[in-house]
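Peer 1: Quick one: the structure is below, and I'll ask about it shortly.
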């Protein structure tokens, strides 16, 4: 349990897969420690998981997490401690960093995320100011937020290759902007450290490359604890040269859907799973739950109406979708007050620092929950930890959340490999699954 | 606030000294980060503090902390995360450590500490077994504890220079035994890492050496934030060749008491403090609050009755006191339910992971509280952190506990310097204060 002992929505007995992971804890932690000696851990990361009972897998890995405000405030000390670790690696000799957020000024949820992130970094002992890419921010602008916090956006100032704000020369630039629209000129060729690196942004990053790296990680991990890698790994493939509006590239997607469905079908038979297989087709770059759909048959791809095709054609900030990921869908069997829920795990440096459930009352167990109408339920520490001391055997209650923290860290490790490969220019399109 | 936002007993306005420390946070954290690049942080440490309102100072630094069971269970995730850091440095490539506790089998409070420590290390992903130095432990012996935990003590097995227990070959030996009675043969010349090192034990360690190192640290820190170092540093000196039973060495102690009293008197006048100065005379080696007394006049040293002299003559496990520390007493102005209280701060690696109040209903504000009759009140997270989100300005409430965490970490840094000097054989008796 090197991850917080948190309360999960699933209350039943610990499942076989979870049990395997919990039992193998010392070897898992040992293995992860060795991995972090070999690979550079991303600065921060959030991972969307799906737990179908028989399968526990990451479905999205975000290198610019935007929901720190959704973490339970009780977790702040964990965040701060992990941040102190992260900082030491970046700017051992500094006190000042610049935080560059997304270009939102009216999305107060997002701005609360920035305020929380700034607070975590300040509490870790840094001077932090927020430099906005928005042209309309021409002077320091303070925005009061519904949660009582406030943030001050300031115009960026670039002098030669140093980025800062007025009277502030930070040692590093911390990005909380996923660069969906490309890398702005003002961020190019800086002499300061940029964290995460520019190639972690959606201008270059591809989900298919991430999940290729995850294939390797899942394979090695599965061997370590003696499980079928499929139990933690959604099958996937990808298609390029897509234009949903022009019905271009449909054959690739339809055939990919059918191949993935066939693979899942075989696995469902092997494990006696009664549900219908489904796949998720989503933009290979980008986030915010746009350009995403659930499909149960390749033929459905040809039957998309105009509205559906338009919805798939663009992601955040109107970027065109030309590559898609076709990924095995993983049912979520977790629910909170009858609404389907999926856990989102937050990490800073190599530490799990908390999480929350993304809950959607209007969606099914085979649908993407990252959509308008969702809300967030912060994970709390397991009550068992807080019981009076002589309530006996607090230490014997298995930590269901541990398994979530492990799978999230596998995705974190995959992101580390992905970024290394990206930096070395080694990334190739993801291969099709062999079987 | 790179230390947990905890609730302290003192509820009044933030005092000037605390405010200085809180305001200087970024430079303090930056300075501490640079120190931890230069010096090896002790594995774990607890520090007893006294807060007299005008002065906040460490009075005892324990390198084998024995009260992990007194920490709030809510802090376990922080302990585990810090332990993961500590482990990486010691045994990056291992899964197994041996924990060697004190020779107590009936002190269930202490055994709960060991159970908690084992649990923290297990949760950080280690296999941990407990090897006892006690000759009567000849087979694995499980002891059920009042808090519902249980521990298993096993006989130590030494093969050549490797220490272990049955079928268990740990990479490192973690000591939670302060070696008051000397270094047992079975721990000599091991090929494994011993953590903390043997010279951190009371067989060699001297409080006067620690507080000499603290003098340097306090001086440098005081310059950093622009305060009088006296505000965080109790004056002290030491006397050797003492035998309280034989009335030997009394002159040195009496004259030291008077000199320290004179120094304090001057400072009290400078700061307008109305209280009477007092000093604490205590054994220069050893712990458990034995061999310690409060004195307000050097002449009192000659007037000790037989019972008082006997009490000062021995410490834990009957060890004779031949060196004493004569240290400025610091009033404690904190109290819990009318009982005097002093904070004890716990650290793992370079992180503050929690703390508790040592409370004594039968003692005064100028007395040592580490005595029979004391009890412990775990520090809780500040309620302000847990208030609903729109209760406004949670981030503007200053973290009074931060100052405690800083002063505790200054003592931790002093311990690091002390251990380095000890290892290099550089330690000399502490100098007398100049003024």
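The values are calculated or read from the model by the stated rules, or taken from the named source; none is laboratory data. Quantities reported herein were computed from a predicted structural model and do not represent experimental measurements. Here the Cβ is made from the backbone with ideal geometry for all residues, glycine too, and neighbour counts use every protein chain on show.
Peer 1: Taking residue B:64, is it within 14 Å of chain A (Cβ to nearest Cβ) and in contact (Cβ under 8 Å) with a residue 12 or more places away in the chain?
Peer 2: no
Peer 1: With the requirement that a residue be within 15 Å of residue A:322 (Cβ to Cβ) and surrounded by 20 or more Cβ atoms within 10 Å (Cβ to Cβ), what does segment A:227-255 give you?
Peer 2: A:238, A:239, A:242, A:244, A:253
Per-residue answers, yes or no, for (1) over 20 Å from the mean Cα position of the chain (by Cα); (2) buried (at least 21 other Cβ atoms within 10 Å of the Cβ); (3) not in a strand (DSSP E or B):
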site: B:299; (1), (2), (3): yes, no, yes
site: B:312; (1), (2), (3): yes, yes, yes
site: B:317; (1), (2), (3): no, no, yes
site: B:322; (1), (2), (3): yes, no, yes
site: B:330; (1), (2), (3): no, yes, yes
site: B:347; (1), (2), (3): no, yes, no
site: B:352; (1), (2), (3): no, yes, no
site: B:359; (1), (2), (3): no, yes, no
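Peer 1: Return only the number of the condition from (1) at pLDDT below 95; (2) not in a loop (DSSP other than H, G, I, E, B) that residue A:264 does not satisfy.
Peer 2: Answer for residue A:264: the failing condition is (1).
Peer 1: Let me confirm something: among A:179, A:175, which residue is assigned to a loop (DSSP other than H, G, I, E, B) and within 18 Å of the chain's Cα centre (by Cα)?
Peer 2: Among A:179, A:175, only A:179 is assigned to a loop (DSSP other than H, G, I, E, B) and within 18 Å of the chain's Cα centre (by Cα).
Peer 1: Sticking with this structure for a sec: Starting from residues that are in a helix (DSSP H, G or I) and touching a residue at least 40 places away in the same chain (Cβ under 8 Å), keep the ones in segment B:24-43 and report whichever is farthest from the other protein chains (Cβ to nearest Cβ).
Peer 2: Checking each candidate, the answer is B:35.
Peer 1: Let me ask another. If the requirement is being under 18 Å from the mean Cα position of the chain (by Cα) and under 29 Å from residue B:247 (Cα atoms), which of these qualifies: B:371, B:341?
Peer 2: B:371
Peer 1: Still on this structure, I have one more. Name the pairs whose Cβ atoms lie under 6 Å apart, with the first residue in segment A:155-169 and at pLDDT 95 or above, the second exposed (fewer than 14 other Cβ atoms within 10 Å of the Cβ) and assigned to a strand (DSSP E or B), and 6 or more positions between them or separate chains?
Peer 2: Listed by first residue and then by second, the contacts come to nothing, as the list is empty.
Peer 1: Continuing with this model, one more query. Please find, among B:125, B:148, the residue that is in a loop (DSSP other than H, G, I, E, B), touching a residue at least 40 places away in the same chain (Cβ under 8 Å) and at the interface with chain A (Cβ under 8 Å from one of its Cβ atoms).
Peer 2: B:125
Peer 1: Could I ask something else about it? Filter segment A:67-92 for residues that are more than 7 Å from chain B (Cβ to nearest Cβ) and outside any helix (DSSP H, G or I); which is nearest to residue A:162 (Cα to Cα)?
Peer 2: A:91
Peer 1: Every residue in segment A:93-122 that is within 9 Å of chain B (Cβ to nearest Cβ), under 20 Å from residue A:193 (Cα atoms) and out of contact with any strand residue (DSSP E or B) (no Cβ under 6 Å at 6 or more places or on another chain), please.
Peer 2: If the condition is that a residue be within 9 Å of chain B (Cβ to nearest Cβ), under 20 Å from residue A:193 (Cα atoms) and out of contact with any strand residue (DSSP E or B) (no Cβ under 6 Å at 6 or more places or on another chain), then A:93, A:94 are the ones that fit.
Peer 1: Take segment A:285-297 and flag every residue that is crowded, with 17+ Cβ neighbours inside 10 Å and either outside any loop (DSSP other than H, G, I, E, B) or at pLDDT 90 or above (or both).
Peer 2: A:292, A:293, A:295
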